[in-house]
Amino acid sequence: MKIELTDPLFLEAQPILKRIESHGYEAYFVGGCVRDTLLGKTIHDIDIASSALPNEIEGIFYNTIDVGKEHGTIIVVEKHIPYEITTFRTEGNYSDFRHPDTVNFVRDLREDTLRRDFTINALAFDAEGQLFDYHHGVEDLQAQLIRAVGVPAERFQEDALRIIRAIRFASQLGFTIEPLTFEAIQQYAHLLPKIAVERVRIELSKYFQGSHFKDNALLLFDTQISQHLPLLDGLDCQKALQYMNEQIPPSLMIEENFAWFLFAKGLGLTVTQANKFLRKWTHSNHLIQDVKDLYELDKIIQQGPLTLWEVYHYKMALINPVEARQQHLNPDYQPVAKELKSQLVIHQKADLVANGKTIMGWLGLEKGNAQLGALLGEMEYQVVMRQLPNEEEALKAFALNYGIE
């Protein structure tokens with residue numbers, strides 16, 4: 001099978017492959033870019049594999065970066081674009097169930113594909129779009145199956161992270177996990193505690209955010225993955241996944257922060273407990289703050305309609321999914337945030353025509369007055385709520401009448 005490669009990422013990288021070929025070596029596009037092209041999806045990056053050894057790649061190109069030469073990976077920079085090129089290889093034992101103890105370079109593409117995780121990821125294009133498929137990956141794409149390359153048990157013992165990658169792909173692609181692969185996942189899920197929390201968290205986030213998550217929400221539990229993740233020990237993961245499935249509107253593409261908010265809520269965690277839970281999962285302070293805000297917004301929207309203050313105070317990127325969820329659960333709910341946003345007279349505190357220094361001058365205050373912050377906060381609130389014009393005379397009168405001593 002030959003495919004016309006029209007995506008700009010392929011077209012930009014074709015000269016790289018051809019240059020390697022001109023030196024007598026083989027080079028191919030491999031992995032997700034091939035899979036997604038065959039599925040008619042937009043690709044976001046490309047991976048290149050070659051029969052050329054790392055030092056041979058360095059001899060072909062002028063601008064190279066060694067990012068893992070001992071494992072076969074060299075970055076080639078052409079026209080300011082970095083391309084990661086990995087030498088065909090076979091791998092030795094995985095004593096840590098994640099990284100091979102030894103890597104052996106080979107010259108044969110088929111040998112290289114034997115170390116891939118799933119058949120749909122073991123596909124390759126040459127520079128002209130000729131497809132190479134040694135493991136019936138195209139058949140599995142057509143049948144919408146996630147099947148391990150070769151013996152599933154061996155693949156999961158080599159790299160236990162592949163266990164979670166399987167359910168991630170099911171959620172992203174809407175595919176079914178092939179029965180023998182599914183059984184092997186259940187059998188070897190006990191290896192997951194050996195994987196770094198950060199790596200597991202990244203895959204879980206992609207699983208939660210998959211466009212077919214609602215059809216696969218219980219996979220995390222049914223595969224027994226959740227039962228073997230230490231950070232979920234003692235928590236009702238099945239209930240949480242069912243909760244997420246019920247709460248997510250069918251057409252809503254959720255962001256990572258909203259996914260983990262729903263997961264934490266489904267687990268029955270308070271906002272304080274959720275904070276600690278997310279830190280254990282190595283989430284960023286930014287995401288943890290977003291989840292805290294989502295807890296607050298959730299409480300507010302249950303008590304009544306949003307006001308100008310909430311739309312001013314919270315990010316629209318957080319308000320929008322909360323409103324979409326509310327409308328999903330209560331069809332009578334009418335989203336108001338967009339309209340309220342258009343009514344805001346200021347969008348940040350700096351938009352006030354008065355600041356701390358101005359007010360100190362009006363009131364003759366010394367620097368560091370403890371009541372100044374409260375005055376500014378109340379002034380900001382009243383301006384946002386349209387109870388006070390954002391005009392110098394009005395703000396000055398408000399400040400003079402506030403009662404600061």
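The values are calculated or read from the model by the stated rules, or taken from the named source; none is laboratory data. Source: prediction; values computed, not measured. Note that each Cβ is placed from the backbone with ideal geometry, even for glycine, and that neighbours are counted across all protein chains shown.
The residue list Pro152, Pro179 contains one member that is in the same structural domain as Lys194 (by TED's automatic domain parsing) and free of Cβ contacts under 8 Å to residues at least 24 places away in the same chain, which is Pro179.
Hey, among the residues in region 383-405 that are closer than 18 Å to Tyr312 by Cα and crowded, with 17+ Cβ neighbours inside 10 Å, which one's farthest from the chain's Cα centre (by Cα)? Write out each step before concluding.
Step one: filter region 383-405 for residues closer than 18 Å to Tyr312 by Cα, giving 383-390.
Adding the requirement that they be crowded, with 17+ Cβ neighbours inside 10 Å leaves 383-384, 388, 390.
Values: Val383: 37, Val384: 34, Leu388: 42, Asn390: 40 Å.
The selected residue is Leu388.
Only residues that are part of a helix (DSSP H, G or I) and surrounded by 13 or more Cβ atoms within 10 Å (Cβ to Cβ) were counted in region 333-379, giving 16. The residue list Ala196, Ala166 contains one member that is crowded, with 20+ Cβ neighbours inside 10 Å, small (Gly, Ala, Ser) and either outside the structural domain of Phe118 (by TED's automatic domain parsing) or more than 28 Å from Asn285 (Cα to Cα) (or both), which is Ala166. Residues in region 10-42 that are crowded, with 17+ Cβ neighbours inside 10 Å, under 26 Å from the mean Cα position of the chain (by Cα) and among the hydrophobic types (A, V, I, L, M, F, W, C): 7 in all.
Each row is one residue, and each column tells you yes or no for (1) at pLDDT below 95; (2) out of contact with any Gly (no Cβ under 9 Å at 6 or more places or on another chain); (3) part of a loop (DSSP other than H, G, I, E, B).
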{"residue": "Arg19", "(1), (2), (3)": "no, yes, no"}
{"residue": "Gly24", "(1), (2), (3)": "no, yes, yes"}
{"residue": "Cys33", "(1), (2), (3)": "no, yes, no"}
{"residue": "His44", "(1), (2), (3)": "yes, no, yes"}
{"residue": "Ala52", "(1), (2), (3)": "no, no, yes"}
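Quick check on region 240-263. Is at least one of its residues closer than 24 Å to Ala196 by Cα, touching a Gly at 6+ places or on another chain (Cβ under 6 Å) and either in a loop (DSSP other than H, G, I, E, B) or not aromatic (Phe, Trp, Tyr) (or both)?
yes
Report whether or not Thr73 is within 25 Å of Thr37 (Cβ to Cβ), crowded, with 17+ Cβ neighbours inside 10 Å, out of contact with any Phe, Trp or Tyr (no Cβ under 9 Å at 6 or more places or on another chain) and among the β-branched types (Val, Ile, Thr). Here the answer is yes, as Thr73 does meet what is asked.
If you go through region 273-307 and keep only what is assigned to a helix (DSSP H, G or I), touching a residue at least 40 places away in the same chain (Cβ under 8 Å) and crowded, with 19+ Cβ neighbours inside 10 Å, you end up with just Phe277. Assess whether Tyr295 counts as being in the same structural domain as Ser251 (by TED's automatic domain parsing), under 30 Å from Pro230 (Cβ atoms) and aromatic (Phe, Trp, Tyr). It is true that Tyr295 is in the same structural domain as Ser251 (by TED's automatic domain parsing), under 30 Å from Pro230 (Cβ atoms) and aromatic (Phe, Trp, Tyr). For region 203-215, the condition of being assigned by TED's automatic domain parsing to the domain that holds Glu158, surrounded by 15 or more Cβ atoms within 10 Å (Cβ to Cβ), among the hydroxyl-bearing types (Ser, Thr, Tyr) and free of Cβ contacts under 8 Å to residues at least 40 places away in the same chain holds for none of the residues.
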